[in-house]
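Here the structure is laid out as structure tokens; the discussion comes afterwards.
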Amino acid sequence: MAPIYGWCTEGFDTADLQEARALLDELSWRGSRALVSRPFLDYAQEEPKGGDVIMEASLLDDMIDALTAEGGIDAKTVQTEALRLYLNTHPIMKLDGAISLWRQGRISLAKAAEIAGLTVPELKEVLAVRGMIRETEGKSRTEMDAKLHETLP
């Protein structure tokens, strides 16, 4: 269901998609909870899944070239869709990627949680279990007082 939900680009306010998202969140959290304590997985050591064929990078490139030449398919689109499907079937890698983007300051914590299919409190728990400290910065007393006086004359 996750790959199909990942294809949706609108209609997230409908009851069906909200119910699907809630179910995916619950299943994702239950399924990945045992693995979140690992700092990061070693993806190079990952075993092939049923039906997987180990292909050399050059063969994959040749296949994309053939699809581009004969099928009129854009190579970048093929690569993007392949990565999207891969991440949807490997939620821990998606979680690790979201955390990495957040740690680099490229996305917010809320966006990282959304990408990982977690709520912000769940992602905060994952970070805590992994020993990652979130540093938050508050405004100074002077800034807060000025904002209060501006808001409440």
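Length available on full extension from residue 108 to residue 139: 0.36 nm per residue minus the Cα-Cα distance, which gives 9.3 nm. Give the residue from 85, 104, 126 lying farthest towards the positive end of the charge dipole for the range 53-153; charges sit on Cβ (+1 for Lys and Arg, -1 for Asp and Glu) and the dipole is referred to the Cα centre. Going by the Cα projections, it comes out as 126.
Placing R0 at 25 angstrom, the Cβ-Cβ distance between residue 125 and residue 90 gives a FRET efficiency of 0.75 after rounding to 0.05.
How many percent of the accessible area of the range 75-142 is carbon or sulfur, using a 1.4 Å probe? The value for the range 75-142 is 54 percent carbon and sulfur by accessible area. Of 134, 21, 141, the order by accessible heavy-atom surface (1.4 Å probe, DNA, RNA and ligands excluded), from most exposed downward, is 141, 134, 21. Hey, for a label at residue 21 modelled as a point 7 Å past Cα toward Cβ, could you say which residues of the range 119-146 have their backbone N under 18 Å away? Within reach of a label on residue 21, which here means backbone N under 18 Å from a point 7 Å along Cα→Cβ, the range 119-146 contributes 119-124.
The values are calculated or read from the model by the stated rules, or taken from the named source; none is laboratory data. Being a predicted model, the structure only gives us computed values, none of them experimental. Glycine also receives a Cβ, built like all others from the backbone with ideal geometry; neighbour counts cover every protein chain displayed. Remember, those area values only see protein heavy atoms, side chains included, never the ligands or the DNA or RNA. Shrake-Rupley method; radii C 1.70, N 1.55, O 1.52, S 1.80 Å.
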